[in-house]
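K.L.:
I am attaching a structure below and will ask some questions about it afterwards.
The values are calculated or read from the model by the stated rules, or taken from the named source; none is laboratory data. This is a predicted model, so every value here is computed, not measured. FYI the Cβ positions are ideal-geometry reconstructions off the backbone, even for glycines, and counts take in every protein chain you see. Side chains are part of the model used for accessible areas, which takes the heavy atoms of the whole protein and leaves out ligands, DNA and RNA. Shrake-Rupley method; radii C 1.70, N 1.55, O 1.52, S 1.80 Å.
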Amino acid sequence: MTIRILIAEDIDLVAEAFQALLETEDDFVVVGRVSRGDALLGAVSRTLPDLVLADVDMPGGSGIEATDLLRQRGYQGRVVLLTALPGSGHLHAALDAGANGYLLKSISGTRLKSAIRAVMAGRTAIDPDLAADALRTGPSPLTERELRILSLVAENQSTGAIAAQLYLSVGTVRNYLSSAMTKLGADSRFAAVAMARERGWIR
């Protein structure tokens, strides 16, 4: 059986790498790629994939929000979400939205292919480290993008450097930081970083 896969990833190089990896399998066919969460519904309608492989952190809506919308609109295929942050605390939200898999983007190619086959066979594929983190720390109120920005602040990167790395404007980065600080009740970005670290959401 041929497995039709749609990739949702906003970094072209990563999306191309996923496509090249998956198409080494005779029964995997990549039917399309999108780079925004709000483009996913239309792409699914056009390409009719059996499985959506989506990054959690995308412009235009997170992979979790896109999954929830797909399920609301009746999509019956499989959805595997990928996160770059081991302690993001979004496992419960991903599963509640209707994801069939939740994995780290650093997963090996062999394990990713196995996870896709497992999901297509009706099983759920969850990275064990993400599952352990979810049990230990509970859900995070922060979005994946907010956590990603806090993790870069933790590396002493400037607002400008973060904006360049994530292809965002400086003002947008500041807005994300302000939102994260408000949610955590922190009076500075560094206090927000400390709180996120303490709770295991960033490292």
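K.L.:
Select from the range 65-103 the residues that are at positive phi and out of contact with any strand residue (DSSP E or B) (no Cβ under 9 Å at 6 or more places or on another chain) and list them in ascending order.
P.N.:
GLY74, GLY89 - these are the residues of the range 65-103 that are at positive phi and out of contact with any strand residue (DSSP E or B) (no Cβ under 9 Å at 6 or more places or on another chain).
K.L.:
Can you name the residue in the range 83-102 that is under 16 Å from ILE202 (Cα atoms) and crowded, with 19+ Cβ neighbours inside 10 Å and is also modelled with the highest pLDDT among such residues?
P.N.:
THR83
K.L.:
Shifting gears a bit: Tell me, please, whether a residue that is at positive phi and modelled with pLDDT of 95 or more can be found in the range 43-64.
P.N.:
The answer is yes, given that some residue of the range 43-64 is at positive phi and modelled with pLDDT of 95 or more.
K.L.:
Looking only at the range 1-29, count how many residues are open to solvent by 20 Å² or more (accessible area, probe 1.4 Å), among the β-branched types (Val, Ile, Thr) and either in contact with a helix residue (DSSP H, G or I) (Cβ under 6 Å, 6 or more places away or on another chain) or in a loop (DSSP other than H, G, I, E, B) (or both).
P.N.:
Total satisfying the criteria: 3.
K.L.:
Identify the residue in the range 104-132 that is within 18 Å of VAL14 (Cα to Cα) and touching a residue at least 60 places away in the same chain (Cβ under 8 Å) and, among all such residues, is most open to solvent (accessible area, probe 1.4 Å).
P.N.:
Here the answer is LYS105.
K.L.:
Does the range 34-48 contain any residue that is in a loop (DSSP other than H, G, I, E, B), crowded, with 19+ Cβ neighbours inside 10 Å and in contact (Cβ under 8 Å) with a residue 24 or more places away in the chain?
P.N.:
No, the range 34-48 has no match at all.
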